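Q: Below is a structure I'd like to ask you about.
The values are calculated or read from the model by the stated rules, or taken from the named source; none is laboratory data. Keep in mind it's a predicted model, so treat the numbers as computed, not measured. With ideal geometry, Cβ positions are generated from the backbone for all residues, glycine too; neighbour counts draw on all protein chains shown. All accessible areas refer to the heavy atoms of the entire protein, side chains included, with ligands and DNA or RNA removed. Shrake-Rupley method; radii C 1.70, N 1.55, O 1.52, S 1.80 Å.
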Amino acid sequence: MENTQRSVTGKRLYSAVQPTNALTIGNYIGAIRNMVALQDEYDCTYAIANMHAITVRQQPAQLRANTLSVLALYLACGIDPAKCTLYVQSHVPCHAELAWVLNTFTYVGEMERMTQFKDKSAKHADNINMGLMDYPVLMAADILLYNADVVPVGIDQRQHLEICRDIAVRFNNIYSPTFVVPEGVYPKVGAKISDLLDPSKKMSKSSENAAGTVFMNDDRDAIIRKFRRAVTDSEGVVRYDPEAKPGISNLLSIYTAFTGRSIAQAEAEFAGKGYGDFKSAVAETVADCLAPVQAEQARLLSDKQYLNSVLEEGARRAYKVASATLAKVYRKIGFYQL
Ligand code: ATP
Ligand code: LTN
């Protein structure tokens, strides 16, 4: 498989998704959609972050299966392995190696302040392991190894991206310019898709209540049932106002993400209509959009040999870039070279 990638901008882009569960439409709208859209413009590297995934206890068989599912979903959503490097994080040892070095440029206090660490510590109080706390440093290592100029993620990752920039600048100032300082790219609409039953919470693939989460592999009935139960308000008007109407605004974000329409167009379309009609339209749209993706994902999952070939080629390409960055870092910090 030859890499035919010639990015328009000459800039590099990096992103990753954890294979922690089935992916949600929040992952799709907040991250994957942008990863697909930007692949012609940038030289893209996309990882399956299984090393991040183990910061929360995983079932080994499930983690293994989810890894291929995420790859198949990347491909089914339109990420082209001829243009992008697709690989599994643990296949490139440089991630753990650079993370160790970056740990010595990161302060414990900074990590303790991270919102995701606090949230996940509360949720997994019996397993507040060092990896959970160190998660952002491993993420910084991911990004910095590939000299990424841009990183498309959902808004929940902004704090991690900021710390990555701080670490890069800190290192560059102590030694000499080494790391590219990356920019986060957040979608204009849909950077934070909320839980359908509790719009104050982000829709998350590892939420306790699956009824508020629409998974990319949910069937039509499940999708319709979940949208039908979505929390709204008593105003009865389909209008975008995230403060006053978080439930309806969330549904509008989902609808516009899947139809490509603007919020204003969607509001006009449902003017004078009730919430029942609106919810059905959103559900039908999502189900129609997901059906072909699900069929393609299933087809790909039945061809393990092909999926493995994509990952082998991806790991080879990724290692080439990552090992060069790591060698540079080792040289600068004074690790003896043979
Ligand atoms: P977990 O619940 O296991 O922590 P997650 O659903 O947050 O997982 P990640 O693998 O951590 O998913 O995130 C993958 C990408 O999806 C990231 O770029 C993240 O910002 C984005 N993302 C996750 N949830 C949402 C959401 N609700 N809205 C928008 N983007 C999201
Ligand atoms: N932490 C990310 C997943 C992730 C990532 C990355 C995203 C791991 N490494 C590097 C962008 C760049 C998340 O979405 N929870």
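Q: Sort 29-40, 142-153, 296-307, 93-104 for me by packing, meaning the mean count of neighbouring Cβ atoms within 10 Å per residue, highest on top.
A: Top of the packing list down: 142-153, 29-40, 93-104, 296-307.
Q: Give me the percent of the accessible area of the chain that comes from carbon and sulfur atoms, probe 1.4 Å, all protein chains in place. Spell out each step's value before the answer.
A: Working: 8050 of 15530 Å².
Carbon and sulfur: 52 percent of the exposed surface of the chain.
Q: Once the Cβ-Cβ distance between N209 and V181 is put in as r, and R0 is 41 Å, what FRET efficiency do you end up with, to the nearest 0.05?
A: 0.60
Q: Right, here's the next one. So if each residue of separation counts as 0.36 nm, and I subtract the Cα-Cα distance between D126 and I174, what length gain in nm does that give?
A: 13.5 nm
Q: Once you charge only the Cβ atoms, +1 for Lys and Arg and -1 for Asp and Glu, what is the size of the charge dipole of the chain about its Cα centre, to the nearest 20 debye? The partial results should precede the final answer.
A: Numbers: 37 positive and 36 negative charges, 98 e Å.
In total the dipole reaches around 480 debye.
Q: What is the log10 of I(q)/I(0) for the chain, computed with the Debye formula using one identical point scatterer on each Cα and no solvent, at q = 0.09 Å⁻¹?
A: Normalising to I(0) and taking log10 leaves -0.50.
Q: What is the calculated FRET efficiency for D119 to I155, with r their C-beta to C-beta distance and R₀ = 22 Å, to the nearest 0.05? Each step should come with its number before you reach the end.
A: Working: r = 14 Å, r/R0 = 0.64.
After rounding to 0.05, the efficiency reads 0.95.
Q: Right, something else. Compute the length gained on full extension between A291 and R316: take 0.36 nm times their separation in residues and subtract their Cα-Cα distance, giving the result in nm to one decimal.
A: Extra length available between A291 and R316 comes to 5.7 nm.
Q: What ranking, highest mean first, results for peptides 70-81, 113-124 when packing means the other Cβ atoms within 10 Å averaged over each residue?
A: Answer by packing, highest mean first, reads 70-81, 113-124.
Q: Let me ask something additional. Would you mind checking the tilt of helix 246-259 against the longest principal axis of the Cα atoms of the chain, expressed as 0 to 90 degrees and rounded to 10?
A: Result, in degrees: 80.
Q: Enter the Cα centre distance for the pair the range 235-249 and the range 270-338, rounded to the nearest angstrom.
A: Spelled out, the Cα-based centre of one part sits 31 Å from the other.
Q: Across every pair of different alpha-carbon atoms, what Kirkwood hydrodynamic radius in Å does the range 47-109 reach?
A: On the way: mean 1/r = 0.0739 Å⁻¹.
Taking every pair of different Cα atoms in the range 47-109, averaging 1/r and inverting gives 13.5 Å.
Q: Separate question: With every protein chain kept in place and ligands, DNA and RNA left out, what is the accessible area per residue of the range 47-109? Probe 1.4 Å, answer in Å².
A: Per-residue value: 39 Å².
Q: Taking the Cα atoms of the range 113-171, report the difference between the largest and smallest coordinate on each principal axis, in whole Å and largest first.
A: 37, 22, 17
Q: Taking only Cα atoms, what is the 0 to 90° angle, nearest 10, from helix 158-174's long axis to the longest principal axis of the chain?
A: Taking Cα atoms only, the helix is inclined about 20 degrees.
Q: Sort 59-66, 240-247, 286-293, 85-92 for me by packing, meaning the mean count of neighbouring Cβ atoms within 10 Å per residue, highest on top.
A: 85-92, 286-293, 240-247, 59-66
Q: Projected area of the range 1-113, taken from the Cα convex hull and averaged over every viewing direction, in nm²?
A: Details: hull surface 34.5 nm².
If you wrap the Cα atoms of the range 1-113 in a convex hull and average its projections, you get 8.6 nm².
Q: Mind computing the radius of gyration and Dmax over the alpha-carbon atoms of the range 214-279? Å is fine for both.
A: Radius of gyration, then largest Cα-Cα span, for the range 214-279: 11.7, 33 Å.
Q: Taking 7 Å along the Cα-to-C-beta vector as the label spot, tell me the R228-D40 distance in nanometres, rounded to one decimal.
A: 4.0
Q: Does anyone have the angle between helix 94-103 and the longest principal axis of the chain? Alpha-carbon axes, 0 to 90°, nearest 10?
A: For 94-103 against the chain, the angle is about 80 degrees.
Q: Right, something else. Per residue, how much accessible area does the range 170-238 have with a 1.4 Å probe, in Å²?
A: 52
Q: Taking N as the number of residues in the range 66-152, what value does Rg over Cα atoms divided by 2.2 N^0.38 Å take?
A: 1.28
Q: Mind putting together the pair-distance distribution for the range 167-310? All Cα pairs, 10 Å bins, whole percent per bin, short to long.
A: Taking every Cα pair in the range 167-310, the percentages come to 10, 32, 26, 16, 12, 3, 0.
Q: If r is the Cβ-Cβ distance from N217 to Y336 and R0 is 41 Å, what FRET efficiency results, to the nearest 0.05?
A: With R0 = 41 Å, the Cβ-Cβ based efficiency is 0.25.
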